[in-house]
Each structure stands twice: as C-alpha cells, then as structure tokens.
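Report on one structure; see the data block that follows.
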Amino acid sequence: MKIICVGRNYLPHIKELGHKVPEQPTLFLKPDSSVITRNRPFFLPDFSQQIEYEVELLVRIDKVGKYIQEKFAHTYYHEIGLGIDFTARDLQKNCIEEGNPWEIAKAFDGSAIISQFIEKEKFADLNNINFHLNINGTTVQSGNSGEMLFSIDQIISYASQFFTLKTGDIIFTGTPKGVGKVAINDLLEGWIEDRRMLNFRVK
Ligand code: MG
C-alpha cells in the first residue's frame, strides 16, 4: 500500500507558503510506516520544532490501474475519507532551500493520519464537499473540494502515468489555507460536512 499526496492544490494555501502556482499536480509519496488510523495519538517527534497540521480529503483506490484516462478515473475509487498530512515545516524549508528531497519532512512515522471512509454515493456532488479541522474546539482550517486546482479525477489520471495504482492505495488531495503548528495535548477533530471523521490528541 502506498500513499500519494498532492501538494499545492489550493490557491490560498500556495500563497500562504509563498509557492508558485503549479501547472501539473505536485506529487510526493508517504510509506505505509507513516500511517496512523483509528484516532490513535500522534507523538511529536524530536527532530522538528515545527510540526504543522494539513487537513485533507482522502480517496481510497479500489482497482488496479495505470495510464487511467480522466473520464474513467471515477471508476477507480468509491470511498472518501479525511486525513492529516503532518509536515515538519522547519525540515521541509531546509530541504527546499538545499534542493533536496523532502521525505524526512513529509513521510516520517505518524505523518499520515487516516480516518475511516465513507461511500462516495453519500455525497450529492464530489466537487462540493465541505471539510474542516478544529483544534481544541476552534476551527483552524476549512475547505471545499470545489476549490481544488486539480480535481480528484485529474489527480488520479496524472499520478497513474508514473505510479501503478493498486487497491488500498490512498491519495491525499491537498490542504486549504490555515496550516499551523501543533503542540502537546492539542485535540484535533476533523469533519467532512457534519460527520466527525477524526478525533485524536497530540502527545
Ligand atoms: Mg499536504
């Protein structure tokens, strides 16, 4: 199982980090060792002083595919979830400045928080899904899938040129603006529409 993540998929988030608007999806991977499920706690690692949350809609692939055309991409997934793409922002900045790969900032143990999944048929329109993240009861990020630069189907089509998609692979579709640092004892609650999908603590 692999995790494919899209960076820089919401304009206001691209601006808050001072990046350039991409012409193609910016992709990176996380290994299976990065996964935390079932609302188990996230332990702050020692190697970073700036672990930031990024709440994102997730898609679970349920069919093997390569070179998937955009018009057929919807047949490769049937479930939507919510996740946190934890990022060691201090390490990531160094990696970008040095021109180095950024796995140590993005793919470390515990960096992929994954919720349970919901059948996509439960949503009237996949391009109009609201989601948000609360920390200690205050909303810090909110987004709508319609604001994505690259849609789920475009991401699947693009990514499948490079990586064969397999059953159980998960796609992190990018984060809206409002990313910020987490601290010990923070309570993170993530919502898709009015369903609470995530509910865990930082330790
Ligand atoms: Mg992200």
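Readers should treat all values here as calculations from the given coordinates under stated rules, not as data from a laboratory. Because the structure is a prediction, the values reported are computed rather than measured.
Amide H contacts for Ile129 (H built 1.01 Å from N in the peptide plane; partners 5 or more residues away or on another chain; cut-off under 5 Å): Ser145, Gly146.
Compute the length gained on full extension between Asp90 and Arg38: take 0.36 nm times their separation in residues and subtract their Cα-Cα distance, giving the result in nm to one decimal.
Result for the pair: 15.9 nm of gain on full extension.
Filter Lys15/Lys63; Lys66/Lys177; Lys122/Lys166 down to the pairs with a C-alpha to C-alpha distance above 29 Å, please.
From the list (Lys15/Lys63; Lys66/Lys177; Lys122/Lys166), the Cα-Cα distance tops 29 Å for Lys15/Lys63; Lys66/Lys177.
Once the chain from Phe72 to Glu16 is taken as fully extended at 0.36 nm per residue, the excess over their C-alpha distance is 16.8 nm. You can think of it this way: the chain between Lys63 and Phe163 has 34.7 nm of extra reach, that is 0.36 nm per residue less the Cα-Cα gap.
The fraction of Cα-Cα pairs per 5 angstrom bin, counted from 0 for region 3-201, comes to 1, 8, 17, 22, 22, 17, 10, 3, 1 percent, rounded to whole percents.
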